[in-house]
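K.L.:
Sharing a structure with you now.
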Amino acid sequence: MESSEKFSQRSSNNGLNLKATKLRLGLPGSESPERDDDDVFEDKNVYPLCMLKSLVSGAKRGFSDAIDVGSSKWILSGNGGSEIGMSKDCINKQGSVLKEKVEKSSNHLNEKKSQITSSAAKEQVVGWPPIRSFRKNSMASQSQKNDDEDDEDVEAKSGCLYVKVSMDGAPYLRKVDLKFFSTYMELSSALEKMFSCFTIKNHSKMRLIMPQSMIYFISEVCPVFEFDTF
Amino acid sequence: MEHTFPQKVLEHLFSFIDSNKDRNAISLVSKSWYEIERRCRKKIFIGNCYAVSPTTVIKRFPELRSITLKGKPHFADFNLVPDGWGGYVHSWIEAMAVNIPLLEEIRLKRMVVTDESLELIAKSFKNFKVLVLISCEGFSTDGLETIASNCRNLEELNLQESDVDDLSGDWICYFPDSYTSLVSLNISCLNNEVNLSALEGLLGRCPNLQTLCLNHAVPLDQLPSLLSRCPQLVELGTGVYSTEEMRPEVLSSLITAFSGCKQLKSLSGFWNVLPSYLPAVYPICPRLTSLNLSYAIIQSSDIVKLIGQCPNLLRLWVLDYIEDVGLEAVAASCKDLQELRVFPSDPSCLEPNIALTERGLVSVSKGCPKLQSVLYFCRQMSNAALDAIAQNRPNLTRFRLCILEPHTPDYLTLQPLDSGFGAIVEHCKDLQRLSLSGLLTDRVFEHIGTHAKKLEMLSVAFAGDSDLGLHYVLSGCENLRKLEIRDCPFGDEALLVNAAKLETMRSLWMSSCSVSFGACKLLGQKMPRLNVEVIDESGPPDSRPDNCPVEKLYIYRSIAGPRLDMPGFVWTMKDDSSRRLELDVAGVEAQFRNL
């Protein structure tokens with residue numbers, strides 16, 4: 001696989017034992033040729049991945065590739081559109097809040113700071129109308145299901161999709177509404193802004209750990225990504 | 001008077017007085033009444049967990065059995081308060097675990113509760129009975145396991161709208177077979193399936209069970225069997241209210257199950273409703289006093305058919321699918337209605353797609369003489385309608401109107417809605433809570449300041465022209481306790497002029513307004529019993545000029561001084577020197593008391 005070769009080249013080139021701390025996610029059934037299981041288990045940071053091991057494998061596109069290539073659409077969208085297309089399995093199994101931890105290469109993001117587009121901000125004023133997340137998420141998942149049953153276009157409806165993001169070293173999680181962002185750049189810069197107040201940011205990494213239900217989401221929509229760590 | 005009654009008699013008299021307000025009043029009569037009252041107070045309500053320290057509370061009330069704490073500001077419900085802001089309950093639990101081992105009840109709202117906290121509760125309080133966590137977060141089903149395993153006398157476990165890390169549905173298996181005291185269980189916020197056979201066993205062996213609110217993961221075809229274990233239920237929240245396809249045998253077993261519940265008065269849940277199953281609840285409709293259909297995506301005709309059979313409703317929560325015509329039916333049949341909430345089915349859609357307008361609310365205000373509490377989301381409103389509502393229903397105590405698009409004027413006249421809301425506050429003399437929306441100028445605040453003398457809580461968004469608006473409210477509303485404002489052009493002047501007022505209130509929230517950092521500093525320095533907290537995620541506010549407006553501002557009165565658990569994006573406006581002075585003064589006072 002082209003991307004995994006690229007990846008293993010990079011890791012051997014810079015002399016760091018990146019593999020030991022790597023998190024990988026991929027389509028079920030796809031194998032990463034160079035994956036070393038022992039490394040994965042030794043690193044306590046990837047412990048939760050053990051649960052996903054049977055479903056998850058493979059080394060995919062690097063983070064910097066995701067940005068550089070300029071395919072800056074949020075890559076959870078299967079149809080390449082700006083909406084976050086949602087698999088009905090995901091919604092039905094998942095319910096309201098997804099859990100997601102985002103791993104990032106902070107150097108790359110520092111270079112590519114961008115603001116949340118004002119059009120997105122105009123459409124969705126934060127916290128308005130005043131409806132609790134619990135209600136918003138419940139309604140979103142229900143209306144999605146109804147749409148599917150009616151065989152209509154699976155489009156992201158109104159409502160929100162709140163996920164939790166954690167960064168190593170940060171004392172608490174932050175919540176972010178995935179539907180607020182239409183591109184990956186917007187999301188990553190918003191996340192960076194959220195975590196920028198922690199002084200240890202330069203030594204932190206955000207990790208991506210997907211719960212089982214999220215894998216269904218990913219697998220049905222698009223190839224996934226992995227991040228370099230350091 | 002204090003010489004007439006011995007302490008024991010006074011204590012006995014006080015034991016009949018339950019309300020916090022009355023208890024607070026008693027404690028102010030005299031020093032000896034203060035002493036007697038504090039030693040026998042069993043229940044305490046603390047509206048802001050940062051207003052007082054756990055140590056102070058425990059020292060004053062050593063015999064507490066029940067504590068209620070609220071943490072984050074109300075606007076945290078709408079994601080205006082960044083995560084990590086605070087509201088941690090753990091220090092309270094730690095202090096009470098040591099000093100009040102006989103504690104029985106903990107009720108929390110908008111607080112951060114960890115598994116560690118839950119474990120501490122489970123292991124420290126031998127007679128623990130009630131755990132209510134409303135809109136809380138930070139814990140997982142692991143924490144629930146320790147509660148289930150250890151709290152032998154638990155009567156209530158209520159997790160309403162909390163954000164729980166749902167790791168496994170087996171936590172419910174941890175209630176031992178010998179455990180039979182459950183009275184109320186609300187797990188409607190959980191995402192995943194709980195172990196159904198364990199749940200059934202639990203329901204079957206708890207004869208006092210009155211409230212059961214399931215989560216959406218409980219399949220409808222399991223509901224009859226669950227209900228058969230607890231036919232004495234008074235309040236039920238269903239799980240999902242549909243099956244893949246309509247199954248007549250499920251419908252008939254539902255009818256049988258519901259018919260068996262002779263005490264059932266309150267229904268909620270109804271996630272993913274298949275309308276053909278609604279007739280199952282018809283047998284119990286006449287007894288219903290509370291109906292929550294606010295998650296039910298069903299059409300107006302189905303809603304009307306259901307509500308038409310519920311003449312005794314006191315409380316109705318519903319989606320705007322009910323439409324004006326449905327609300328007219330409510331007005332005709334639910335003559336005892338006290339509370340109405342109408343939620344938007346599609347809040348971000350700008351076009352009116354539902355035939356729900358101001359007319360629905362006007363009909364209900366006309367037809368329901370006991371209506372006191374309203375929460376209404378709609379897309380259009382007029383001064384005439386608000387005036388009619390005010391005149392129809394002067395007994396309103398809570399009126400929260402949310403017109404979905406900010407700055408929406410009266411759709412008939414294109415004028416601001418000042419006079420309409422003015423009519424509300426003028427006629428509804430007992431109004432305690434008000435939320436404004438639509439196009440509003442300073443005039444509406446003048447009306448509020450002039451008339452809303454009983455108002456305790458006011459929520460304002462996208463309203464007003466100038467500082468005058470804020471000044472009217474702060475100077476006029478004598479009973480104001482909580483004020484929350486977002487996106488209004490209110491600035492320094494009104495705040496500084498009315499600084500003393502802030503000490504008479506629980507809290508003030510202002511976000512996206514025009515209050516400068518300099519004013520915040522000044523307020524913090526001048527008002528020693530106020531905590532002035534600036535929330536700014538873009539960096540330290542003193543890296544910018546003093547006249548720069550702050551992102552968010554939260555001011556609350558406190559006798560505990562600045563809190564010690566502020567995250568990186570919250571700055572207190574208390575300077576160190578005044579804090580040190582307070583500590584010195586407190587130390588001297590303490591010495592005096594010991595003499």
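The values are calculated or read from the model by the stated rules, or taken from the named source; none is laboratory data. Quantities reported herein were computed from a predicted structural model and do not represent experimental measurements. Methodologically, a virtual Cβ is constructed for each residue, glycine included, from the backbone with ideal geometry; neighbour enumeration extends over all protein chains shown.
K.L.:
Tell me, please, whether a residue that is at pLDDT 95 or above, part of a loop (DSSP other than H, G, I, E, B) and among the polar types (S, T, N, Q) can be found in segment B:506-516.
P.N.:
For segment B:506-516, residues at pLDDT 95 or above, part of a loop (DSSP other than H, G, I, E, B) and among the polar types (S, T, N, Q): present.
K.L.:
Please indicate, with yes or no, whether at least one residue in segment B:333-346 is modelled with pLDDT under 95 and acidic (Asp, Glu).
P.N.:
Yes, some residue in segment B:333-346 is modelled with pLDDT under 95 and acidic (Asp, Glu).
K.L.:
Please indicate, with yes or no, whether at least one residue in segment B:95-109 is farther than 20 Å from B:Arg506 by Cβ, among the polar types (S, T, N, Q) and not in a loop (DSSP other than H, G, I, E, B).
P.N.:
yes
K.L.:
Quick test for you: out of B:Ser373, B:Ser363, B:Ser345, pick the one residue that is small (Gly, Ala, Ser), within 14 Å of chain A (Cβ to nearest Cβ) and out of contact with any Pro (no Cβ under 6 Å at 6 or more places or on another chain).
P.N.:
Result of the check over B:Ser373, B:Ser363, B:Ser345: B:Ser345.
K.L.:
Also, quick follow-up: For B:Ile36, all conditions in the list (1) under 21 Å from B:Glu94 (Cβ atoms); (2) surrounded by 17 or more Cβ atoms within 10 Å (Cβ to Cβ); (3) of a type outside the set (Phe, Trp, Tyr) hold save one; what is the number of the exception?
P.N.:
Single failed check for B:Ile36: (1).
Here is a yes/no grid of residues against (1) surrounded by fewer than 23 Cβ atoms within 10 Å (Cβ to Cβ); (2) under 22 Å from B:Arg486 (Cα atoms); (3) within 14 Å of another protein chain (Cβ to nearest Cβ); (4) touching a residue at least 24 places away in the same chain (Cβ under 8 Å):
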site	(1), (2), (3), (4)
B:Asn79	yes, yes, yes, no
B:Pro82	yes, yes, yes, yes
B:Gly87	no, yes, yes, yes
B:His90	yes, no, yes, yes
B:Glu94	yes, no, no, yes
B:Ala97	yes, no, no, yes
B:Pro101	yes, no, no, yes
B:Glu104	yes, no, no, yes
B:Ser117	no, no, no, yes
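K.L.:
Return the pairs, sorted by first residue and then second, in which the second residue is modelled with pLDDT of 70 or more, the first residue lies in segment A:161-182 and is assigned to a helix (DSSP H, G or I), the beta carbons are less than 7 Å apart, and the residues are 6+ apart or on different chains.
P.N.:
Every condition considered, the pairs that remain are A:Leu178/A:Val163.
K.L.:
Out of all the residues in segment B:296-317, which are surrounded by fewer than 23 Cβ atoms within 10 Å (Cβ to Cβ), within 27 Å of the chain's Cα centre (by Cα) and within 14 Å of another protein chain (Cβ to nearest Cβ)?
P.N.:
Of everything in segment B:296-317, those that are surrounded by fewer than 23 Cβ atoms within 10 Å (Cβ to Cβ), within 27 Å of the chain's Cα centre (by Cα) and within 14 Å of another protein chain (Cβ to nearest Cβ) turn out to be B:Ile297, B:Ile298, B:Trp317.
K.L.:
Here's something else I'd like to know. Can you tell me which residues in segment B:193-236 are β-branched (Val, Ile, Thr) and within 18 Å of B:Leu159 (Cβ to Cβ)?
P.N.:
Matches in segment B:193-236: B:Val194, B:Thr211, B:Val218.
K.L.:
Then there's this: Let me spell it out: the conditions are (1) in a loop (DSSP other than H, G, I, E, B); (2) in contact with a helix residue (DSSP H, G or I) (Cβ under 9 Å, 6 or more places away or on another chain); (3) crowded, with 21+ Cβ neighbours inside 10 Å, and B:Ser437 meets all of them except one. Which number is the exception?
P.N.:
(2)
K.L.:
Just to check your reading of the model, which residue among B:Glu537, B:Glu478 is surrounded by fewer than 19 Cβ atoms within 10 Å (Cβ to Cβ), of a type in the set (Asp, Glu), in a loop (DSSP other than H, G, I, E, B) and within 14 Å of chain A (Cβ to nearest Cβ)?
P.N.:
After ruling out the rest, the residue left standing is B:Glu537.
K.L.:
Something else about it: Considering only segment B:129-141, how many residues are more than 14 Å from every other protein chain (Cβ to nearest Cβ) and either of a type in the set (Val, Ile, Thr) or surrounded by fewer than 22 Cβ atoms within 10 Å (Cβ to Cβ) (or both)? Give the steps one after another, and end with the answer.
P.N.:
Narrowing segment B:129-141 to residues more than 14 Å from every other protein chain (Cβ to nearest Cβ): B:129-132.
Filter once more, so that each one left must be either of a type in the set (Val, Ile, Thr) or surrounded by fewer than 22 Cβ atoms within 10 Å (Cβ to Cβ) (or both): B:129-130, B:132.
Residues in segment B:129-141 being more than 14 Å from every other protein chain (Cβ to nearest Cβ) and either of a type in the set (Val, Ile, Thr) or surrounded by fewer than 22 Cβ atoms within 10 Å (Cβ to Cβ) (or both): 3 in total.
K.L.:
Checking B:Ala329 against (1) over 21 Å from B:Ile298 (Cβ atoms); (2) over 25 Å from the mean Cα position of the chain (by Cα); (3) hydrophobic (A, V, I, L, M, F, W, C), which test does it fail?
P.N.:
The single condition B:Ala329 does not satisfy is (1).
K.L.:
Only residues that are farther than 19 Å from B:Gly449 by Cβ and in contact with a Ser or Thr (Cβ under 8 Å, 6 or more places away or on another chain): list them for segment B:493-524, please.
P.N.:
B:Gly524
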